[in-house]
Amino acid sequence: MSAKTLALVTGASSGIGRLYAERLAARGHDLILVGRNQRQLQQAAADFLIRYGATCEVLAADLSRRDQLHLVEQRLTEDDHIALLVNSAGLVSGGPLGAADADALTTMLDVNVVALTRLCSAAARSFGQQRRGAIVNFSSAMAFFDTARSGAYAASKAFVLSMSYSLDLELRDKGVRVQVVLPGYTRTPMLGDNHGLAADMLMEVETLVDAALAGFDKGEFVTIPSLEDLGYLARWEEARTAMRPHLSLRDAASRYRRPATPTA
């Protein structure tokens, strides 16, 4: 990311998005700050201007509302100065699916899946035409988990991971970078009371954001901040690749075939 790249950061009101935007401001980038809390966005914009000389536009938007999401899409599509999209906005709505609030789940999926997908689509179209730029998607380590406690949330993050793989294939030859970041449990307002997690399972937001940026600087596509041994990720990706030729064939696997009818 060259200095003075104009970056659009969602979820910039607080938590990961707010700190990521600050780190970009410190690196010399100008910003479009997107979030639901206009007062917090304005405070961040004023702070970044004073501390880093960054020019920041505030774009207050609830990404679960289609009309407000459309305003952000428009900026990505029409403003060719934007060269970096950071999809940090996200919601958590947990609980077993059988006991969940269906409306809360829908709102979460509107932000975690629908909004992120539409913003990626708008950025891919704009950045691809200009043959430059980068998209950073925040998924979660929950993308690898099977959990009854927050199955819909984990599934939404698995979607982000899977779509980022496809987006990278689409854009890499057009000069557009894609990075997907998979944090574990992180001390942010969204986590709430930390769910009684052990201290060694909980990462500070500063550690996470700095690791995400270091991963970007290293050219990583997948960044898992707490994963020391990248061999785990490599073996998982190798297994996915090895299965691919066997997933769509004319014949069913032998275990599903009817036994031959004996002849008289």
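Neighbours of residue 48 by Cβ distance under 12 Å: Lys/Arg scored +1, Asp/Glu scored -1, total 0. Among 166, 150, 93, the residue with the largest mean-square fluctuation in a Gaussian network model of the chain, with springs joining Cα atoms closer than 10 Å, is 166. Protein heavy-atom surface of the stretch 175-264, 1.4 angstrom probe: 55% of the accessible area is carbon and sulfur, with nucleic acids and ligands not counted. Put +1 on the Cβ of each Lys and Arg and -1 on the Cβ of each Asp and Glu in the chain; which of 241, 153, 52 then has its Cα farthest toward the positive end of the dipole? Towards the positive end, the residue furthest out is 241.
Entry note, the chain: the mean residue ellipticity at 222 nm calculated from DSSP H runs of n ≥ 4, each adding -39500 (n - 2.57), is -13500 deg cm²/dmol after division by the residues and rounding to the nearest 500. Could you tell me which of rounded, prolate or oblate describes the stretch 113-264, using a ≥ b ≥ c as the square roots of the eigenvalues of the alpha-carbon gyration tensor, with rounded for a/c under 1.5 and, failing that, prolate when a/b is larger than b/c and oblate otherwise? Oblate, since a/c reaches 1.5 and b/c is not below a/b. The 3J(HN,Hα) values that the Karplus relation (6.51, -1.76, 1.60; θ = phi - 60°) gives for the stretch 66-75 are, in residue order, 4, 5, 6, 4, 4, 5, 6, 4, 4, 4 Hz. Gly and Pro appear as x.
With a 1.4 Å probe rolled over the protein heavy atoms of all chains, the accessible area of 81, 70 falls in the order 81, 70, largest first.
Calculated accessible area for the chain comes out at 53 Å² per residue, all protein chains present (probe 1.4 Å; ligands, DNA, RNA ignored).
Across the stretch 31-41, computed HN-Hα scalar couplings (Karplus, 6.51 cos²θ - 1.76 cosθ + 1.60, θ = phi - 60°) run 9, 10, 9, 10, x, 7, 9, 5, 4, 5, 5 Hz from first to last residue, x flagging Gly and Pro. For the stretch 1-76, the square roots of the Cα gyration tensor eigenvalues, ordered a ≥ b ≥ c, give a/c of at least 1.5 with a/b greater than b/c, which places it in the prolate category. Proximity of backbone amide H atoms, modeled 1.01 Å from N, is registered between residue 134 and 84, 85, 177 at under 5 Å, excluding neighbours fewer than 5 places apart on the same chain.
When +1 charges are put on Lys and Arg Cβ atoms and -1 charges on Asp and Glu Cβ atoms, the dipole computed for the stretch 65-206 relative to its Cα centre reaches about 400 debye. Taking a ≥ b ≥ c as the square roots of the eigenvalues of the Cα gyration tensor, the stretch 93-180 is prolate, since a/c reaches 1.5 or more and a/b is larger than b/c. Close amide H pairs (under 5 Å, H built 1.01 Å from N) link residue 57 with 31, 32, 33, residues at least 5 positions away or on another chain.
Reducing the stretch 99-169 and the stretch 1-52 to their Cα centroids gives an inter-centroid distance of 21 Å. Cβ-Cβ distance of residue 144 and residue 6, R₀ of 30 Å, FRET efficiency by 1/(1 + (r/R0)^6): the value works out to about 0.35. Using the Cβ-Cβ distance between residue 232 and residue 174 with R0 = 22 Å, the FRET efficiency computed as 1/(1 + (r/R0)^6) comes to roughly 0.15. For the chain, the Kirkwood estimate of hydrodynamic radius, built from reciprocal distances between every pair of different alpha carbons, is 19.7 Å. Taking amide H atoms as placed 1.01 Å from N in the peptide plane, the amide H of residue 91 lies under 5 Å from those of 112, each 5 or more residues away in sequence or on another chain. Along the stretch 102-116 the Karplus relation, 6.51 cos²θ - 1.76 cosθ + 1.60 evaluated at θ = phi - 60°, assigns HN-Hα couplings of 4, 5, 5, 4, 5, 4, 4, 5, 4, 7, 5, 10, 5, 4, 4 Hz to successive residues, with x for each Gly and Pro.
The values are calculated or read from the model by the stated rules, or taken from the named source; none is laboratory data. Since this is a predicted model, take the numbers as computed values, not measurements. For neighbour counting, all protein chains shown are included, and Cβ atoms are generated from backbone atoms with ideal geometry for every residue, glycine included. In case anyone asks, the SASA skips ligands and DNA or RNA and just uses the protein heavy atoms, side chains included. Shrake-Rupley method; radii C 1.70, N 1.55, O 1.52, S 1.80 Å.
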